[in-house]
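A short worksheet on the structure shown next.
The values are calculated or read from the model by the stated rules, or taken from the named source; none is laboratory data. Predicted model, so just to flag it, every value in this text is computed and none were measured. Virtual Cβ from ideal backbone geometry, glycine too; neighbours counted across all protein chains shown.
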Amino acid sequence: MIDLHYWPTPNGWKIAIALEEMELPYRVVPVDIGRGAQFGDAFRAISPNGRIPAIVDHDPDDGGPPVSVFESGAILVYLAEKSGRFLPPDPRGRTDVLQWLMWQMGGLGPMLGQHGHFKLYAKDQIPYAIARYRAEAERLYGVLDLRLAGREHLCGAYSIADMACWPWIVTYKMQEIDLGAFPNVRRWYDSLKQRPALRRGYEVGRELRGAALNSRGSIPSGGAGA
């Protein structure tokens, strides 16, 4: 059994989707980031950076004590290796997937997170910050659109790279990104929406998100995860 320390944000969705796609047994341990639960000592012992998601694998492959993993990209690699799925074993295929996973971790996620923060959640509206991060968000959408030209998935077969990127594209409506300007992203996004396991992962914790919205009026769409 794997404990998924989780809140329903794009970074949390990545791991819930992966666990569903890989058919690995897990249970959800909610971490209410709106109330600062990610900064508690118990969670920091699992995730030193104080960010969701994190996992604890109580049945690691080496048969030893439980293994904890933080940072969503590292978790995706760990789960792919544990399940033997969605990460090619050959060096070329593996490198292709890992570079696009790192692209999401270093670019798509952080920049969309900053755009979302300054546009939607910042108390003081700063036009320069909003314009800067919107330009970078649109540039990254363009990179993704170019990559997906003539491709069904980011790296040949469906992989953890797709699982990492898709939950961030989910935020396009809130961030007022016109997917019509990125037809390859639109096609890819709509196609992946039809995957039953992806849908199940995306729905994990929906009631938590609803409770947070009702009690506080908003919930971070990024920035509070990794």
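Applying the criterion of at least 2 residues that are surrounded by 15 or more Cβ atoms within 10 Å (Cβ to Cβ) and at pLDDT below 95 to the helices (runs of 4 or more DSSP H) found wholly in region 178-226 leaves 206-216. Contact annotation: residue pairs with Cβ atoms under 9 Å, 6 or more positions apart or on different chains, pairing a residue in region 88-104 that is of a type in the set (Asp, Glu) with a partner that is outside any helix (DSSP H, G or I), are Asp96/Pro88; Asp96/Leu154; Asp96/Cys155; Asp96/Gly156; Asp96/Ser159. Filtered by the rule that a residue be surrounded by fewer than 16 Cβ atoms within 10 Å (Cβ to Cβ) and closer than 23 Å to Asn184 by Cα, region 110-136 gives a lone residue, Ala135. Starting from region 4-22, keep only residues that are of a type in the set (Val, Ile, Thr), then list their pairs with residues that are in a helix (DSSP H, G or I) and modelled with pLDDT under 95 whose Cβ atoms are within a distance under 9 Å, requiring at least 6 positions of separation or different chains. From residues that are of a type in the set (Val, Ile, Thr), the pairs are Thr9/Ile33; Thr9/Arg209. Residue check: is Arg139 charged (D, E, K, R), surrounded by fewer than 22 Cβ atoms within 10 Å (Cβ to Cβ) and over 16 Å from Gly73 (Cα atoms)? Yes.
Results for (1) farther than 17 Å from Glu136 by Cα; (2) assigned by TED's automatic domain parsing to the domain that holds Asn49, shown as yes or no for each residue.
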| site | (1), (2) |
| --- | --- |
| Ser72 | yes, yes |
| Lys82 | yes, yes |
| Leu101 | yes, no |
| Leu112 | no, no |
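Mind checking which residues of region 142-168 are buried (at least 20 other Cβ atoms within 10 Å of the Cβ) and either in contact with a Leu (Cβ under 8 Å, 6 or more places away or on another chain) or acidic (Asp, Glu) (or both)? Residues satisfying the conditions are Leu144, Leu148, Leu154, Ser159, Ile160, Ala161, Asp162, Met163, Ala164, Cys165, Trp166, Trp168.
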